[in-house]
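In what follows, a single structure is set out as C-alpha cells and then discussed.
FYI, it's all coordinate maths here, none of it is from the lab. What you see is a predicted model; the values in this text were computed from it and never measured. Glycine also receives a Cβ, built like all others from the backbone with ideal geometry; neighbour counts cover every protein chain displayed.
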Amino acid sequence: MKKYIYLLLLSISSNVYSQQTSPTFSNENDAPKYFVELNETVIVESRVFKNDTFRYHYNQMKHYVKIVMPYANAAVKMFNEIDRITANVSHKERRRYIKSKEKEIKTNFEDKLTALNITQGRLLVKIVNRQLKTNCYDIVKELKNPVSAVYYQTWAKLNGINLNEQYKPEDNKDLEQILKSLGY
C-alpha cells in the first residue's frame, strides 16, 4: 500500500512541474492565486495470477490483442465512414459504394486476415463489437443482406466464433483490462 501511495505522490509531483500554471487575481489587493490542472492518473494494482498457466494465457491474449487492434480500428473507421457517407444516398448508390469498399478491403486485408488464427478472429469480433456497440451479425446484415449474414454466422460457428454475441465487459474481464491498459 505504501508503494502505491508513493507512486501516486510521485506522479502528482512530476505532473505539477510539467503543467503550466497561470496566475489569477480575484481583486487588486490580493496576492495572485495559482491553479494547476493535473492529468488524470490511473493506478492499477499489480495482477496476481493463480498459476503460470493463467499468466501465460493472459500474456498471450495481450499479444493477440496487439496484433488484432489495427484491423479492428480500420474496421470501425471504415464502418463509420460508410455510415457517414451513405446516410443521405439512395439504396442503389449505397450498395454500389459498399461493393467498392468491399473490393478495397479484399485487396488490402484479405491475406492478412486469413493468416489470423481462430483465437485472434474471436478477439477481433469481440473488439469490433465493443467499439461499435453492436454485433457483427447485424453489421453484415445491414451492409450486405440477411442471407450473407446467415452464411457468415454459420461459417463462424463452425470455427467457434459467434457473430451474434453481444459484448459484455463483465463476461470479458481480462480482455477489458487489456484494452484499458493499452488505452482503448
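Pairs from the list Lys103/Lys168; Lys66/Lys168; Lys33/Lys180 with a Cα-Cα gap above 30 Å: Lys103/Lys168; Lys33/Lys180. Simple spin-label estimate for Glu104 and Asn59 gives 4.0 nm between the two label positions (7 Å along the Cα-to-Cβ direction from each Cα). Full extension of the chain between Val89 and Asn162 gives 23.1 nm of extra length, using 0.36 nm per residue less the Cα-Cα distance. For segment 52-181, place one equal point scatterer on every Cα, skip the solvent, and apply the Debye formula. What is log10 of I(q)/I(0) at q = 0.15, 0.19 Å⁻¹? At q = 0.15, 0.19 Å⁻¹ the computed log10 ratios are -0.77, -1.19. In this rough spin-label picture, where each label sits 7 Å from Cα along the Cβ direction, the Leu113-Glu37 distance is 4.0 nm.
Rounded to 0.05, the FRET efficiency of the Glu170 and Val150 pair, given R0 = 30 Å and the Cβ-Cβ distance, is 0.55.
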